[in-house]
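Peer 1: Following this message is one structure expressed as structure tokens.
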Amino acid sequence: MPAHVAESDSTPDPTSTTCTTDPLAHERAHLAASRAALRGMRADVQALDIRDVTANWVNAAVLQSQIDDRIKALADLSHTPLFFGRLDYLHAVGGELAEGADGERFYIGRRHVHDAAGDPMVIDWRAPVSQPYYQASRTDPQDVGLRRRFGYTGGELTAYEDEHLTDPAEAEHTSRLLQAEIERPRVGPMRDIVATIQPEQDEIVRSGLGGTVCVQGGPGTGKTAVGLHRVAYLLYAHRERLARTGTLVIGPNRSFLHYIEQVLPALGELEVKQATVDDLVRTGVEVRGEDEAATAVVKGDARMAEVLRRAIRSHVTAPVEPVVVVRGSRRWRVPAYEIQEMVDELLARDMRYGAAHEALPQRIAHAVLVRMEEAGEAPDDRVQNAVARNPAVKAAVKAVWPAVDPAKVVLRLLSDAEFLAAHAGGLLSEEEQKRLLWAKPARSVKSAKWSAADAVLIDEAGDLVARTHSLGHVVLDEAQDLSPMQYRAVGRRCSTGSATVLGDLAQGTTPWSTESWGEALFHLGKADAVVEELTAGFRVPREVIAYASRLLPAISPGLAAVESVRESPGSLAVREVPGGTAELDAAVVAACEESLRNEGSIGLIAADARIPVLGAALEAAGHAYLSPGEETTAESRLTLVPASLAKGLEYDYVVLDEPGAVVDGEPDERTGLRRLYVALTRAVSGLTVLHAAPLPEVLVQA
């Protein structure tokens, strides 16, 4: 059925008789009433008086913080539709209606809204009763007689479209409103896709908290949005548990996190933290250095975990003297062989180093208490604790199982060839050990020029000493780019929780990027995770994704190409520019000007080395531009994007400068072609490729 479009932008009076005869007017009246109800809910919270219900200032501060968060969550975002769909059930949900009675009706939106009497005006999209909005079909209507979608301009309801799922006379059709929402030009940060979630995406979004899900998805399949909406769903379904244990979204860089940061707040979720992997591990050292690619690969190898374990455990030494504890006139002696038995038992239990360091004095003290009891005394726990703090016991523990500093252990491994060889023997080759050693050893932890890979090693060493705090749920996006040691660092943050892992093997652009999700999930500690694959593309036009997919046999053999559902003839233009650099620069500026005539955001993507030149060319032509992470606006829509930061971002129109330079800017051809694949798939509506040098052969041959 075609969409019904509003003839007027005026908001009708809900009490008017026009609403009963004009469906669109009726729906707009319900929208106005729902917004009024939301304002009432917010006013009720703002009016709460907590002075008589809190015992002290701490309780008052906690309660006031919760109230403030609730007020923020109930904000009415004027340009965000309060509801986007309606379900008319054939029967009562969870019960039967009297014969001839109408079924129940629910408006589906981003949050729950109720009127003054507590009756629902809008149902949260995450509620079970809302699921048929995404899953119902003609073959499985799920008791839904009518599904209505709404179209908006800004925050104003302007159209609706109906599907009668149980009417055999109505022809099946593609929703024009749904397609228009998917293809709507974008300015500003990433927005939610709650109105356009597809059935296969919905199944992933609503998967349970107990298991880890890995989503392999090519460009435009919505994997990032699916991961964020899964967090929102889990917070709805398991709010109390996740409020205690916490949630975290991990992205590849700050630009990406800024791009996605408004999705969850738009869904009413304000408490989810965001970080990069580097943010997680840079807790004790300052990263000022950079590794060569080959060195970073070795540091990121999973074998380094065992090297670190050996190095940490090497601080444990055999006792050579007995422990003699003096209490009053008595002397209590624990022989060296008995202390060795305690050490052996702690080592066999494979406890964390720090926990064993804390346990050993208690074990020695217990042995002393046994001797006291055998001598007729009756010591209690206070005596045992006092013995554990005895100077003789503390000295023995310091000699046998001393405290260690994780950063100092890593510093010694990277500075001392003999120490490294002693603990890397049989694990790393001599060549690999040479790559790890600093040419000029640092004198101290503070003066060392630590790299990002070094920080991950220190984090691993820290976990060997003391357990890392685990969260309830972690979302890891662009996961294909992590090293095994980085996977372990993330895995520690959800060791007792679950994870949503998102990525595309074809977009792996680090020398250590993973070749299979099975390997990645093993290092993450989630080998039993379910791997789902999204192959239907909703954002990138078919012509563009087909061109980019020419690279797949070279960069990720066996990976299925994305099948885009978007037909957009003329969305791809590949132009060779005669002449040299000056001619190419001018052509790039002209292509940007051409793209700016269209509605939406524009991204100029180029090899990192070309960014200063193109920036100067744009400025000379009078065009201001943004950097990745800066928010596009209606007045400032052009972003200059280094290829290394393009991953995860998208623009309505993309101008890609010199593909060959993008490939050549990486340490090897495979990584370069993967970087090019990322750059080619950032366009939502149109892609213009400009080149003066020959295109990579794999593009031409295909």
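The values are calculated or read from the model by the stated rules, or taken from the named source; none is laboratory data. No experiment lies behind these values; they were computed from the predicted model shown. Glycine gets a Cβ as well: all are built from the backbone with ideal geometry, and neighbour counts include every protein chain shown. Heavy atoms of the whole protein, side chains included, go into the accessibility calculation; ligands, DNA and RNA do not. Shrake-Rupley method; radii C 1.70, N 1.55, O 1.52, S 1.80 Å.
Peer 1: Residue pairs, Cβ under 7 Å, 6 or more apart or interchain, first in region 124-146 and more than 14 Å from residue 203 (Cα to Cα), second in a helix (DSSP H, G or I) and of a type in the set (Ser, Thr, Tyr). List them.
Peer 2: 124/130; 124/236
Peer 1: How many residues, within region 395-438, are surrounded by fewer than 18 Cβ atoms within 10 Å (Cβ to Cβ) and within 30 Å of residue 326 (Cβ to Cβ)?
Peer 2: Residues that pass the stated criteria total 5.
Peer 1: Shifting gears a bit: Looking at region 312-320, can you tell me whether even one residue there is charged (D, E, K, R), touching a helix residue (DSSP H, G or I) at 6+ places or on another chain (Cβ under 8 Å), open to solvent by 10 Å² or more (accessible area, probe 1.4 Å) and under 30 Å from residue 437 (Cβ atoms)? Break it down into steps so the answer makes sense when it comes.
Peer 2: If we filter region 312-320 for residues that are charged (D, E, K, R), which is where we start, we get 313.
Filter again for touching a helix residue (DSSP H, G or I) at 6+ places or on another chain (Cβ under 8 Å), leaving 313.
Still in the list and also open to solvent by 10 Å² or more (accessible area, probe 1.4 Å): 313.
Cutting the leftovers down to under 30 Å from residue 437 (Cβ atoms) gives us 313.
Checked region 312-320: at least one residue is charged (D, E, K, R), touching a helix residue (DSSP H, G or I) at 6+ places or on another chain (Cβ under 8 Å), open to solvent by 10 Å² or more (accessible area, probe 1.4 Å) and under 30 Å from residue 437 (Cβ atoms).
Peer 1: Another question, if that's okay. Just to be sure, is residue 670 of a type in the set (Lys, Arg) and surrounded by fewer than 20 Cβ atoms within 10 Å (Cβ to Cβ)?
Peer 2: yes
Peer 1: Of all residues in region 622-667, which are in a loop (DSSP other than H, G, I, E, B), small (Gly, Ala, Ser) and surrounded by 14 or more Cβ atoms within 10 Å (Cβ to Cβ)? Full working, then the answer.
Peer 2: Here is the first cut: in region 622-667, the ones in a loop (DSSP other than H, G, I, E, B) are 622-625, 627-637, 646-650, 658, 665-667.
Now restrict to residues that are small (Gly, Ala, Ser): 622, 624, 627, 629, 634, 636, 646, 648, 665.
629, 636, 646, 648, 665 - these are the residues of region 622-667 that are in a loop (DSSP other than H, G, I, E, B), small (Gly, Ala, Ser) and surrounded by 14 or more Cβ atoms within 10 Å (Cβ to Cβ).
Peer 1: In region 561-597, what residues are assigned to a loop (DSSP other than H, G, I, E, B) and either open to solvent by less than 60 Å² (accessible area, probe 1.4 Å) or under 23 Å from residue 699 (Cβ atoms) (or both)?
Peer 2: Within region 561-597, the subset assigned to a loop (DSSP other than H, G, I, E, B) is 561-562, 565-571, 577-580, 597.
Answer for region 561-597, where residues must be assigned to a loop (DSSP other than H, G, I, E, B) and either open to solvent by less than 60 Å² (accessible area, probe 1.4 Å) or under 23 Å from residue 699 (Cβ atoms) (or both): 561, 562, 566, 567, 568, 569, 570, 571, 577, 578, 579, 580.
Peer 1: Identify all residues within region 232-245 that are open to solvent by less than 20 Å² (accessible area, probe 1.4 Å) and in contact (Cβ under 8 Å) with a residue 60 or more places away in the chain; write none if there are none. Please lay out each step first, then the result.
Peer 2: Residues of region 232-245 open to solvent by less than 20 Å² (accessible area, probe 1.4 Å): 232, 234-235, 242.
Scanning region 232-245 gives 232, 234, 242.
Peer 1: Another question, then. Which residues, counting only those in region 247-297, are of a type outside the set (A, V, I, L, M, F, W, C), open to solvent by 50 Å² or more (accessible area, probe 1.4 Å), in a loop (DSSP other than H, G, I, E, B) and within 22 Å of residue 232 (Cβ to Cβ)?
Peer 2: Across region 247-297, the qualifying residues are 252, 261, 262, 271.
Peer 1: Condition first: over 26 Å from residue 257 (Cα atoms) and of a type outside the set (S, T, N, Q). Can you find one or more residues in region 646-655 that meet it?
Peer 2: no
Peer 1: Right, another one. Among 556, 601, which is the only one that is of a type outside the set (Val, Ile, Thr), buried (at least 16 other Cβ atoms within 10 Å of the Cβ), within 20 Å of residue 664 (Cα to Cα) and within 24 Å of the chain's Cα centre (by Cα)? It would help to see each step written out before you state the result.
Peer 2: Details: 601 fails: within 20 Å of residue 664 (Cα to Cα).
556 is the lone residue from the list that is of a type outside the set (Val, Ile, Thr), buried (at least 16 other Cβ atoms within 10 Å of the Cβ), within 20 Å of residue 664 (Cα to Cα) and within 24 Å of the chain's Cα centre (by Cα).
Peer 1: If you don't mind, there's one more thing I want to ask. Does residue 233 count as in contact with a Pro (Cβ under 7 Å, 6 or more places away or on another chain) and not in a loop (DSSP other than H, G, I, E, B)? Can you show your working first?
Peer 2: Working: in contact with a Pro (Cβ under 7 Å, 6 or more places away or on another chain): no; not in a loop (DSSP other than H, G, I, E, B): yes.
Here the answer is no, as residue 233 does not meet what is asked.
Peer 1: Something else: Can you tell me which residue within region 217-229, out of those that are under 16 Å from residue 564 (Cα atoms) and open to solvent by less than 10 Å² (accessible area, probe 1.4 Å), is nearest to the chain's Cα centre (by Cα)? Let's see the steps before the verdict.
Peer 2: First, the residues of region 217-229 that are under 16 Å from residue 564 (Cα atoms): 217-223.
Next, only the ones that are open to solvent by less than 10 Å² (accessible area, probe 1.4 Å) stay: 217-219, 221.
Details: 217: 14, 218: 16, 219: 16, 221: 16 Å.
Among them, the one singled out is 217.
Peer 1: Also: With the requirement that a residue be modelled with pLDDT of 90 or more, over 33 Å from the mean Cα position of the chain (by Cα) and part of a helix (DSSP H, G or I), what does region 676-702 give you?
Peer 2: The answer is 697, and nothing else.
Peer 1: Scan region 447-460 for residues that are within 12 Å of residue 414 (Cβ to Cβ) and open to solvent by less than 30 Å² (accessible area, probe 1.4 Å) and jot them down. Walk me through it before giving the result.
Peer 2: Step one: filter region 447-460 for residues within 12 Å of residue 414 (Cβ to Cβ), giving 448-451, 453-454, 457-458.
448, 450, 451, 453, 454, 457, 458 - these are the residues of region 447-460 that are within 12 Å of residue 414 (Cβ to Cβ) and open to solvent by less than 30 Å² (accessible area, probe 1.4 Å).
Peer 1: Just checking, does region 582-590 include any residue being at pLDDT below 90 and over 25 Å from the mean Cα position of the chain (by Cα)? So that I can check it myself, show each step before the final result.
Peer 2: Of region 582-590, the ones at pLDDT below 90 are none.
No - not one qualifying residue is present in region 582-590.
Peer 1: Answer yes or no as to whether residue 145 is in contact with a His (Cβ under 9 Å, 6 or more places away or on another chain), small (Gly, Ala, Ser) and in a loop (DSSP other than H, G, I, E, B).
Peer 2: Details: in contact with a His (Cβ under 9 Å, 6 or more places away or on another chain): yes; small (Gly, Ala, Ser): yes; in a loop (DSSP other than H, G, I, E, B): no.
Here the answer is no, as residue 145 does not meet what is asked.
Peer 1: Of all residues in region 513-535, count the ones that are open to solvent by 70 Å² or more (accessible area, probe 1.4 Å) and farther than 20 Å from residue 228 by Cα. I'd like the intermediate steps shown before the answer.
Peer 2: Our first condition is that a residue be open to solvent by 70 Å² or more (accessible area, probe 1.4 Å); within region 513-535, this holds for 515, 519, 522, 527-528, 530-533.
After this cut, where a residue has to be farther than 20 Å from residue 228 by Cα as well, the list is 515, 519, 522, 527-528.
The number of residues fulfilling the criteria is 5.
Results for (1) open to solvent by less than 70 Å² (accessible area, probe 1.4 Å); (2) touching a strand residue (DSSP E or B) at 6+ places or on another chain (Cβ under 6 Å), shown as yes or no for each residue.
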{"site": "39", "(1), (2)": "no, no"}
{"site": "44", "(1), (2)": "no, no"}
{"site": "50", "(1), (2)": "yes, no"}
{"site": "57", "(1), (2)": "no, no"}
{"site": "61", "(1), (2)": "yes, no"}
{"site": "66", "(1), (2)": "no, no"}
{"site": "72", "(1), (2)": "no, no"}
{"site": "78", "(1), (2)": "no, no"}
{"site": "84", "(1), (2)": "yes, yes"}
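Peer 1: Can you go through 377, 358, 345 and tell me which one is loosely packed, with under 15 Cβ neighbours inside 10 Å, modelled with pLDDT of 95 or more, out of contact with any Gly (no Cβ under 7 Å at 6 or more places or on another chain) and not small (Gly, Ala, Ser)? Reasoning before the result, please.
Peer 2: Values: 377 fails: modelled with pLDDT of 95 or more; 358 fails: loosely packed, with under 15 Cβ neighbours inside 10 Å.
Going through 377, 358, 345 in turn, the sole match is 345.
Peer 1: I'd like the full set of residues that are more than 14 Å from the chain's Cα centre (by Cα) and open to solvent by less than 10 Å² (accessible area, probe 1.4 Å), limited to region 473-505.
Peer 2: Matches in region 473-505: 483, 485, 489.
Peer 1: A follow-up question, please. Please specify each residue of region 158-177 satisfying the condition of being within 32 Å of the chain's Cα centre (by Cα) and buried (at least 19 other Cβ atoms within 10 Å of the Cβ). Break it down stepwise before answering.
Peer 2: Filtering region 158-177 for residues within 32 Å of the chain's Cα centre (by Cα) gives 174-177.
Matches in region 158-177: 177 only.
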